[in-house]
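Notes follow the structure.
The values are calculated or read from the model by the stated rules, or taken from the named source; none is laboratory data. All values derive from a computational prediction rather than experimental measurement. Please note: Cβ atoms are built from the backbone with ideal geometry, for glycine as well, and neighbour counts cover all protein chains shown.
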Amino acid sequence: MLHIRHSIMSILILWMLYVSSVFSFEKQSIGWLESVTINDHELKLQAKIDSGATTSSIHAKIIKKFTRDGKKWIRFRVKNKRGQEIILEKRIQRYVKIKRKLMFSIKRPVIKLGICLGKVFRELEVNLADRKNFLYPMLIGRNYLKGYFLVDSELKFTTKPSCRRSDKN
């Protein structure tokens, strides 16, 4: 009987150690401004980290909206500060209504985009915006940060994008 209890206790302790190691993910501390890459490291951008924004947003010059296989798609251009640019075609997931202070609301297309920040790669919804009057072409919101990052407003450029395609979360 004592042998069975000892075995059960050993199994229970091993199981608890395993569970705690699996779920003990430490969140990475990042600054209010970071470098990210999009589209499998094809383009590097500076991104403002905004824990007050629900979703992420990217400055895009919309070239054309079209239909493919009965679905709505969009072709758009993204450019970084060094003048490097890519043209992407993505399926429109939905439209989001953006409320603005003392101005009319606007509708923005939402697409899925792969983003790498530090070692975290996530493919998630990003709205396409006209951010030409902003300093940074990308805004990373809570939909990307949640569960992975803590934002320290005194820091900036704390990490470099270093994702592998297999890092998808």
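What the table below lists for this structure:
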read-out	value
Selection count where residues are within 16 Å of Asn127 (Cβ to Cβ), in contact with a Gly (Cβ under 9 Å, 6 or more places away or on another chain) and not in a strand (DSSP E or B), scope the stretch 31-75	5
The listed residue being more than 19 Å from Glu34 (Cβ to Cβ), in contact with a strand residue (DSSP E or B) (Cβ under 7 Å, 6 or more places away or on another chain) and either of a type outside the set (A, V, I, L, M) or assigned to a helix (DSSP H, G or I) (or both), out of Lys160, Lys156, Lys101, Lys132	Lys132
Inter-residue pairs, beta-carbon under 6 Å, first farther than 10 Å from Cys116 by Cβ and in the stretch 154-169, second at pLDDT 90 or above and basic (Lys, Arg), 6+ apart	Asn169/Arg122
Which listed residue is surrounded by fewer than 15 Cβ atoms within 10 Å (Cβ to Cβ) and under 19 Å from Gly31 (Cβ atoms), from Lys107, Lys132, Lys146, Lys112	Lys146
Pairs with Cβ under 6 Å, 6+ apart, first in the stretch 75-100 and modelled with pLDDT under 90, second β-branched (Val, Ile, Thr) and surrounded by fewer than 15 Cβ atoms within 10 Å (Cβ to Cβ)	Ile98/Ile106
Filtered residues of the stretch 56-97 (kept if more than 26 Å from Lys44 (Cβ to Cβ) and β-branched (Val, Ile, Thr))	Thr67
Candidates Asp69, Asp40, filtered to the one that is surrounded by fewer than 14 Cβ atoms within 10 Å (Cβ to Cβ), out of contact with any Leu (no Cβ under 8 Å at 6 or more places or on another chain), touching a residue at least 60 places away in the same chain (Cβ under 8 Å) and not polar (S, T, N, Q)	Asp40
